[in-house]
1. On alpha-carbon atoms, Rg over Rh for segment 80-174 using Kirkwood Rh?
2. Per 0.36 nm of contour for each residue apart, how much would the distance between residue 23 and residue 60 grow if the chain were fully extended, relative to their Cα-Cα spacing?
3. Each label point is 7 Å from the Cα along the Cα-to-Cβ direction; what then is the distance between the points at residue 149 and residue 80, in nm?
4. For an R0 of 35 angstrom, estimate the FRET efficiency from the Cβ-Cβ distance between residue 100 and residue 39 and round to the nearest 0.05.
5. What order do you get for 95, 110 when you list them from fewest to most C-beta neighbours inside 10 Å?
6. What is segment 80-174's relative contact order, in percent, from Cα pairs under 8 angstrom and six or more apart in sequence?
7. Which order results if 53, 62, 156 are arranged by neighbouring Cβ count within 10 Å, fewest first?
8. Using 0.36 nm per residue of separation minus the Cα-Cα distance, give me the extension gain between residue 165 and residue 141 in nm, one decimal.
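Every number here is computed from the coordinates shown, using simple stated rules; none is lab data. These numbers were taken from a predicted model, which means no experiment stands behind them. We place every Cβ from the backbone using ideal geometry, glycine too, and count neighbours over all the protein chains shown.
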């Protein structure tokens, strides 16, 4: 009886820690949230960091609870940089590519870096923008409005099987 109670307490505690458990062929247990299985590679977030495992290394996979990817920007998301006229534009959005550059303009001599938090739908449309995210170098309201307007004009590729909304950033450097 004591063995059963101990096992149940372990199971309750274990499932509270992670939504998915991966048992590798070498005996190692990995707890986290599975994001994707593609080309025999399993992507899993473990301790808020993305890790990948070759399926040939996997013995068993336990789905304790389905937790879909919420579209949040991960720390290791690559930032892509390019030029739009004299402006440097950067974006960081997980698994998405920009297909229409933002229309960047300025009617003053103001300078600064504006980071805009964006939310993209599955079809690549910008659904919301908010200037002033981490990395912004100025509180100039004019530049914030210009950056938000530019961010709204961008478009990303479709991801019909991805999350309903994907979060990311667009950074505009006003020289």
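1. Ratio value, two decimals: 0.96.
2. Length gained between residue 23 and residue 60: 12.8 nm.
3. Distance between label points: 2.5 nm.
4. After rounding to 0.05, the efficiency reads 0.75.
5. Fewest-to-most Cβ neighbours within 10 Å comes out as 110, 95.
6. That works out to 42 percent.
7. 62, 53, 156
8. 5.9 nm
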